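Bear in mind these aren't lab numbers, they're just calculated from the coordinates by the rules spelled out. In this text, all values refer to a predicted model and were calculated from it rather than measured experimentally. Note: ideal-geometry Cβ built from the backbone for every residue, glycine included; neighbour counts use all protein chains shown.
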Amino acid sequence: MTKQKVNTIYLLGAGRSGTTMLATILNNHPKIYTIGEMHQFLDYVLEDKDCSCGENLSKCPFWSSILMDLDASILKNKSNVDLSNSLEKHHFIPLYLLGKPIPPKYREIIDMIFKAIQSNIDKPWILDSSKYNSRYLLLRKNKKLNLKGIYLVRDVRGVINSFGKNVQTPKKPLSAILYYSIINFWSQWICFFDKRIIKIRYEDFVNEPEKTIQKIEKHLFDSTSKVSNLTNETFKIPHIIAGNRLRSQKQLVIKKDMKWKETITRGNQILYYFLTLPLMLLNKYKP
């Protein structure tokens, strides 16, 4: 008898595009459990870092149960951690697109982790919000995963404004533009050829969250459900690995951040737009 595949949703896109917020809202869905940025999981286990709940993974009420089902000798092996981190680097993306196979050891680690998570949750789908395109391509090669993707894109000026805040890896505008262009180039390329991925605009999500969630439902489950008004709801941050500063707030609401229209001068708004013109036009953003 064929073993059941692990239903996995993967969130792609650049940082500061609203991925933590979307992942948290999707965790509220009866079929989806959000587990965070799993490309950092092995590092978190090795150093026993803290879950979003504030407890170390070994003491977290969610992750401690999962860790008991995992082989610690494999997870805490520094060579395995280094292997995983190396394989998920951005420069491997072209090679994976050209057919570079998934290494057996990496496959073994992923299979073990996702199987243990699935057996400890009461929802049929796991959401990995790692965002790394290289990791998605590796997971796509794993025949034990039933993989679907969500690509979240945001106006470059919103991303630049978010990176301009003096919190958690800030970037100067030109550095943010370079990062944004590279990540979204590959995300768009993969999304274009892979029908398992649906593209969502950040602006559409924050303006019409209910409609966007139904669109995602249709893609993931080929059906939709009645979605209540999400705008005024408060959402609890799940037990996630890594994530941005929102993870420490314990809960969040859907908040439309369009402050870039006020904080970035009109001249710079136009400059940043034209520096990323192909992506801005492709995603129907206006100057």
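The label-point distance for Thr224 and Thr263, in a model that sets each label 7 Å from Cα toward Cβ, rounds to 3.4 nm.
Taking the Cα centre of the chain as origin, sum charge times position over the Cβ atoms of Lys and Arg (+1) and Asp and Glu (-1), and report the length of that vector in debye to the nearest 20. Mind dumping the intermediate values first?
Details: 45 positive and 25 negative charges, 150 e Å.
The calculation lands at about 720 debye.
May I ask which of Lys100/Lys286; Lys78/Lys195; Lys165/Lys211; Lys123/Lys165; Lys76/Lys131; Lys59/Lys255 have a Cα-Cα span longer than 27 Å here? Beyond 27 Å: Lys100/Lys286; Lys78/Lys195; Lys165/Lys211; Lys123/Lys165; Lys59/Lys255.
In terms of its alpha-carbon gyration tensor, segment 1-140 comes out rounded; the largest-to-smallest axis ratio a/c stays below the 1.5 threshold.
In segment 6-282, taking the dipole from charged Cβ atoms about the Cα centre, the farthest positive-side position among Ser162, Ser181, His90 is held by Ser181. Residues whose amide H comes within less than 5 Å of that of Leu12, counting only those at least five positions distant or on another chain, are Ile150, Tyr151, Leu152 (H built at 1.01 Å from N in the peptide plane). Relative to the current alpha-carbon distance between Leu46 and Leu275, full extension at 0.36 nm per residue lengthens the span by 78.4 nm.
The listed peptides 10-23, 207-220, 141-154, ordered by packing as a protection proxy, come out as 10-23, 141-154, 207-220 (highest mean of other Cβ atoms within 10 Å first).
Computed over the chain with a Gaussian network model linking Cα atoms closer than 10 Å, the most mobile of Ile264, Ile237, Ile183 is Ile264. Annotation: extensible slack from Ser73 through Val167 equals 30.3 nm (criterion: 0.36 nm per residue apart, minus Cα-Cα distance).
Computed about the Cα centre, the dipole magnitude for segment 1-124 is approximately 420 debye when only Lys and Arg (+1) and Asp and Glu (-1) carry charge, each at its Cβ.
Tell me the mean residue ellipticity at 222 nm calculated for the chain from its helices only (DSSP H runs of n ≥ 4, each -39500 (n - 2.57), averaged over every residue, nearest 500). Spell out each step's value before the answer.
Values: 15 runs with 132 residues, N = 287.
My calculation for the chain gives -13000 deg cm²/dmol from helical runs alone.
Membrane-span-like helices in the chain, defined purely by DSSP H runs whose alpha carbon atoms cover 18 Å or more axially and whose average Kyte-Doolittle hydropathy reaches -1.0, are 104-118, 173-193.
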